[in-house]
Every structure is written in structure tokens, then in C-alpha cells.
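Reading through the C-alpha cells given below for one structure.
A short reminder: the numbers here are calculations on the coordinates, not readings from a lab. The structure displayed is predicted, hence computed values, not measured ones. So basically every Cβ, Gly included, is an ideal-geometry build from the backbone, and we count neighbours across all protein chains shown.
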Amino acid sequence: MWDNDTFERISRSIDELEPEMVELQKSLVPLVALSPGSGGEGEKAKADFLKSMLESWGLEVTEYRAPDKDAKCGYRPSLVARLKGEKAEPCLWIMTHLDVVPAGSRELWDTEPFEAVVKDGRIYGRGVEDNQQEMVASIFAVKAMLDLGLKPKTDVCLMLVADEETGSKFGADWLLKNHELCKSGDLVVVPDAGNPEGTMLEVAEKSILWARFKVRGGQAHASAPGDGNNAFRAGSTMVVAVDKVLHERFPAKDELYSPPESTFEPTKKEANVPNVNTIPGEDVFWFDCRVMPEYPLDDVLAAMKETAEQVAKQFGVTVELTTGQTVQAPEPTSPDAPVVRMLARAVKDVLGNEARPAGIGGGTVASFFRRRGIPTVVWGRATGVAHQPNESCIIAHMTGSAKVYCHVFGQDPGQGKA
Ligand SMILES: [Zn+2]
């Protein structure tokens, strides 16, 4: 841990670097890093700019190019910049993403989306918060170390990846599959979600399962139901039965999550007949399930199928069960993992806030790391402006995060509970 005087110096240094941080944001916004899937050219211009900047500071930067024939340059770049610490392992990774989402409708913006505008302590522009706020903060945390000639306790690696917004196939997923970068004992911070206070340390995710039920009966005139078989009636009974069985069979509770249990929600209902006086011969509905990670999704599907078939038999209809999105969540990161403890300590000391481990209902890029057994925390100081018109970054949040990272750099991951 840094002594008080040293951390004071670091903190002052970050404050002095604030204008440079704002300048970097201004340089990055016009380097539109839109993935080809969103109609853009990819991240090359932004990656090239950052690479030469980081190298000019004396950092060792490695570029990884994921082949993508749809990108203008034929690849999607990711960068790793290493700052040597007192020891090489475990390595502390801070992963941020280069790509941004499209601006959306121009009329909804008060300023040009791809020109950064600074006003009242904020920077406006696409990407300034998601994910440049934390990217710039982590870069300048490293800069402060270089300027002051300080060494972090262990190696720090900034991982700047492509393709986070459209599935990570050419970003984190590709990088971890094709290169031996992170080891299971390493520490990973993904600062890409959270709350304004920085008190949410996301360590766990529920699995996601979208299931579609297609019920087939027989169409008929509504005045003669006996000539057909009402698929809507059978489907309605099925919804209620499936809902009940899932809640009974998968009851696990864990206060880490909000809500603290699995959710099984009937959601989409596809249109059946266009007129009132026809018995529907077909009925289609969906369930969106967010399942506690300890339950295999195959078990959930099997329970759905068994229940649906029982109801189908009772009504003399058939049912076909198919799936949409299916993501089995990886094993959660332990709420006691060193990376969780270190970040909580830094948030407490720097921001004065009490941060807590939490679980969420959807998948994030952290799953690619957790699947490899690497403890990973998703953290950040988000204000709900990501992907919105007039996206903005609170400058004080950016400098605050830089101090949080510097605080973490001074902590020894091997030390016991703080
Ligand atoms: Zn993001």
C-alpha cells in the first residue's frame, strides 16, 4: 500500500493531468471506432493513435490483429500495454474497449456526436463514457506512475480491445482463444458498468435462456370449436404450468443478486389469428429466463419440455420447443477474491464509498475471463448515459477512477484481508 505522502503525490499528479485527459478524449471521439456490423470501418484509426501515444511514453505495447474481412483494413486491432511492477505476477489487467456504438438519430443530439464538447464539468460525444471514461482513466493512472517514477506492486497491463459492443468475436473472445495472455491467478478489472458512486463490484452473472413454444392444434370457425382444437387455450394453460414448475424446481436464492433468485418470465406472444371469429390453430409464446449459474440450462429446458408435453397431451395438441439466446454463465468470481478486495479498498479510500460484490441478470464480456477461471470484476462509475444521445463523461469521475486505479496499483494482491 502506498504511504499517505506518496498517495497524496499521486493524487495531485492526476489532478494536474486532468487537462491532458480531456485532450485525449477530444482526440479519440472523432476517431470513430464503429464495428463493420454497425456500418463502420473498425477500430484501426483509434488503435493506431493510442499505440503511438503509449509507445511515445516508453511503454511496451503489443498489437493483436483479429482477421475480419468486413473491416476496412481486414483486421480488428486490440492492444496490450504493460507497465512493469515490482513483480511480474499476478498481472493486474484493466480491460476497456475501443469500439463505440452508432450515434443514432442526429436530431436527438444537442452537439455533433463525433466532436467532443466540454461544458460544465462534462465532456459530450459518442464514446466519452462508454468506454473512454475508464480507458482514459486507466491510461492516465499508468502515466502518473511513469511521471512519478513509481512502480506498481505487480505488472499492470492495459488491454484495449475491439468488438465489445457486437459480441467480442474479434475482441476479448478472440484474444483469449488465440493468445496466452491472462493466467488463472491474474486479476482482471473490466470497468464497463456500475453506478455513479462506484459501489457495485459485479462478480457474478445469471445464465440466460430464451425459449420458444410453438403449440399446434386445429383451426376452425369460432362458432364450431369442436371442428378444430384451440391452440391458444392449450398454450395459455402451458404458460401457467411451465411458470409454476420452473419456480418450484429451481428455487435457489442468493442475496448477491438482485432479484436474489432466478427469473422465469413469459414475454413475447406471437400474433395468432387476425380476426375474432376464428379458433387459432397455432399459438407461439416465449419465456425469458435468467437462471442462477449453478443450474445447468439443459435441466431447465428438460423441465420445460416435460411440462409442456404433459399439457399438450391433456389438450390433444403438439408442442415444439426451440431456443433463442442461450448462455450458460461461468462460475462466479469469489466475492473474497483479491481483485474484489483491492478494488473495494480503493473505492473506500479514494471515493469514500462502501463498494459491495453483486450479481446481475445478463451476460458481460467478463464471462470470457471467468470461463478460464480468471477472477474478474466489472466495475465503473456509470451514469446511465451509455448508448444514449448526448452521451457524456463527468470529468471528475474520470479523474476519480484514475486515482482508484493508482490506489489498486499500490496494493499487494498477496496480502491478507485489509
Ligand atoms: Zn461498454
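Summary of values
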read-out: Number of positions in the range 145-163 that are within 16 Å of the ligand (Cβ to nearest atom) and out of contact with any His (no Cβ under 7 Å at 6 or more places or on another chain); value: 5
read-out: Residue identified as crowded, with 16+ Cβ neighbours inside 10 Å, assigned to a helix (DSSP H, G or I), under 23 Å from the mean Cα position of the chain (by Cα) and not aromatic (Phe, Trp, Tyr) among 402, 312, 358; value: 402
read-out: Residue within the range 103-119 that is aromatic (Phe, Trp, Tyr) and within 16 Å of the ligand (Cβ to nearest atom) present; value: no
read-out: Residue in the range 134-144 that is more than 16 Å from the ligand (Cβ to nearest atom), of a type in the set (Gly, Ala, Ser) and either in a loop (DSSP other than H, G, I, E, B) or within 25 Å of residue 409 (Cα to Cα) (or both) present; value: yes
read-out: The listed residue being of a type in the set (A, V, I, L, M, F, W, C), out of contact with any helix residue (DSSP H, G or I) (no Cβ under 9 Å at 6 or more places or on another chain) and touching a residue at least 60 places away in the same chain (Cβ under 8 Å), out of 386, 382; value: 386
read-out: The range 166-219, subset away from the ligand (no atom under 16 Å from the Cβ) and hydroxyl-bearing (Ser, Thr, Tyr), residue surrounded by the fewest Cβ atoms within 10 Å (Cβ to Cβ); value: 184
read-out: Total residues in the range 246-266, condition touching a residue at least 40 places away in the same chain (Cβ under 8 Å) and surrounded by 18 or more Cβ atoms within 10 Å (Cβ to Cβ); value: 4
read-out: Identity of the residue in the range 145-165, crowded, with 24+ Cβ neighbours inside 10 Å and β-branched (Val, Ile, Thr), that ends up nearest to residue 32 (Cα to Cα); value: 161
read-out: Every residue from the range 387-396 that is within 15 Å of the ligand (Cβ to nearest atom) and surrounded by 19 or more Cβ atoms within 10 Å (Cβ to Cβ); value: 391, 392, 393
